[in-house]
């Protein structure tokens, strides 16, 4: 069972999932608070060797289970703190 997170629970570098399915993608939070809304988080993940990212509303964010993390690794590696360093400057470029 996954744990629903509130905005105050979130931090940069945290792993989250967006649903409780065992095959859920595991994301790393790269930024919190979009210039237009403080309720948005920027998620970073890998699809194979390609780094991906997207702004999304924080609602519906859960702590991943160990099984979700294991299954997510089958599709690509997890984004590390090195991958999210400077993510906002990458977006501006």
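The values are calculated or read from the model by the stated rules, or taken from the named source; none is laboratory data. From a predicted model like this one, the values you see are computed outputs, not experimental measurements. Quick reminder, even Gly has a Cβ in these numbers, built from the backbone with ideal geometry, and neighbours come from all protein chains shown.
Out of all the residues in the stretch 28-51, is one or more outside any strand (DSSP E or B), modelled with pLDDT of 90 or more, touching a strand residue (DSSP E or B) at 6+ places or on another chain (Cβ under 7 Å) and surrounded by 17 or more Cβ atoms within 10 Å (Cβ to Cβ)? Within the stretch 28-51, not a single residue is outside any strand (DSSP E or B), modelled with pLDDT of 90 or more, touching a strand residue (DSSP E or B) at 6+ places or on another chain (Cβ under 7 Å) and surrounded by 17 or more Cβ atoms within 10 Å (Cβ to Cβ).
Step by step: first the residues of the stretch 7-20, then only those that are free of Cβ contacts under 8 Å to residues at least 24 places away in the same chain and either in a loop (DSSP other than H, G, I, E, B) or touching a helix residue (DSSP H, G or I) at 6+ places or on another chain (Cβ under 7 Å) (or both), then the one that is surrounded by the most Cβ atoms within 10 Å (Cβ to Cβ). Which residue is that? Restricting to residues being free of Cβ contacts under 8 Å to residues at least 24 places away in the same chain and either in a loop (DSSP other than H, G, I, E, B) or touching a helix residue (DSSP H, G or I) at 6+ places or on another chain (Cβ under 7 Å) (or both), the top hit is 14. Filtering the stretch 59-68 to residues that are free of Cβ contacts under 8 Å to residues at least 60 places away in the same chain and either part of a helix (DSSP H, G or I) or over 10 Å from the mean Cα position of the chain (by Cα) (or both) leaves 59, 60, 66, 67. Out of curiosity, is residue 58 at pLDDT 90 or above and in contact with a helix residue (DSSP H, G or I) (Cβ under 6 Å, 6 or more places away or on another chain)? Judged against the criteria, residue 58 is a match.
Contact map, the stretch 74-85: residues that are surrounded by 17 or more Cβ atoms within 10 Å (Cβ to Cβ) paired with residues that are part of a helix (DSSP H, G or I), Cβ distance under 8 Å, separation 6+ or inter-chain. No pairs are found.
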